[in-house]
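Taking it in order: structure first as structure tokens, then the write-up.
The values are calculated or read from the model by the stated rules, or taken from the named source; none is laboratory data. Computed from a predicted model, the values in this text were never measured in an experiment. All Cβ positions, even for glycine, are placed from backbone atoms using ideal geometry, and neighbour counts span all protein chains on display. Surface accessibility is based on the protein's heavy atoms, side chains included, excluding ligands, DNA and RNA. Shrake-Rupley method; radii C 1.70, N 1.55, O 1.52, S 1.80 Å.
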Number of protein chains: 2
Amino acid sequence: MSKSAVSLALTDLTVDAPCCPPLAQSRIPAETATVLAPAFKALGDPVRLQLMSMIASADGGEACVCDLTPAFDLSGPTISHHLKTLREAGLVDAERRGSWVYYRARPVIMRQLAGLLTID
Amino acid sequence: MSKSAVSLALTDLTVDAPCCPPLAQSRIPAETATVLAPAFKALGDPVRLQLMSMIASADGGEACVCDLTPAFDLSGPTISHHLKTLREAGLVDAERRGSWVYYRARPVIMRQLAGLLTID
DNA sequence: CGCCTAGGTTGACACTTATCTAAACCGCGT
DNA sequence: ACGCGGTTTAGATAAGTGTCAACCTAGGCG
């Protein structure tokens, strides 16, 4: 499956991977590794992986913190810290609307990561 | 730990693999997150990400530690430790042939991870 | 307006785990 | 036995994970 020709302008800012020839195709430059490793690191925790999934698979593409928190046996601040980690890794965006904060996945970086791991 | 003492069954790695409905398609079960998060965590370090790339993109699909180590400004034991992390995460296999140890990527889990991050 | 409450984030702290090195060790070939 | 290639152990320092308490914002009510 060649990703190169796939993404047209389905959504406005979904520019297809300015980077990321697959990991197994050519050796990753140190800079690229330094830039992308934090994203993998952010996904390297079961709670954050589930949070990421809940956000990305949520109806309307966004999830309220008020829906995320009760799904775990963890305190509010702890979930908030994990969400901050995902935010700082560039995996999600947060937006406040009224009293509630909504999180949304950033498809570009996710495609980058998926592309990196792609194997022929 | 005699996990990689000898290379017995070459492909016994079909494992539990509740593999790969994309993260953004349906919410990941806690068990799946617990199983796969360590793999992402292992990739969450610039050195290991580069190691992974060097191994996966190596000629013949395998790389000798003697070729990996000098590519970094780190001591031998440190590289060995990172390789052990990749091994324990199930991302690579090690095999000793004579004096040298060769590492090889495990495509199944890589496809699982890539599939997880896939977005329509 | 002032006061209260609910939703989230931030800060400070304890505890656990990761990263790195030097030194000791193991396996293999000469 | 010796040397070389890698791994393991032990130990110091840095970073991650969790909680409670304090704080900030938005909205409801007298």
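A compact table of results
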| quantity | calculated |
| --- | --- |
| Subset tally (residues that are more than 13 Å from DNA strand D (Cβ to nearest atom), closer than 21 Å to B:Val35 by Cα, open to solvent by 20 Å² or more (accessible area, probe 1.4 Å) and aliphatic (A, V, I, L, M)) for region A:57-93 | 1 |
| Positions within region A:104-120 being open to solvent by 10 Å² or more (accessible area, probe 1.4 Å) and either of a type in the set (A, V, I, L, M, F, W, C) or within 18 Å of A:Glu62 (Cβ to Cβ) (or both), in sequence order | A:Arg104, A:Ala105, A:Arg106, A:Pro107, A:Val108, A:Ile109, A:Ile119 |
| Answer residue from region B:39-52, given it is within 10 Å of the chain's Cα centre (by Cα) and at the interface with chain A (Cβ under 7 Å from one of its Cβ atoms) and is surrounded by the most Cβ atoms within 10 Å (Cβ to Cβ) among those | B:Leu43 |
| Qualifying residues in region B:80-94 (those that are of a type in the set (A, V, I, L, M, F, W, C) and part of a strand (DSSP E or B)) - the one nearest to the chain's Cα centre (by Cα) | B:Val92 |
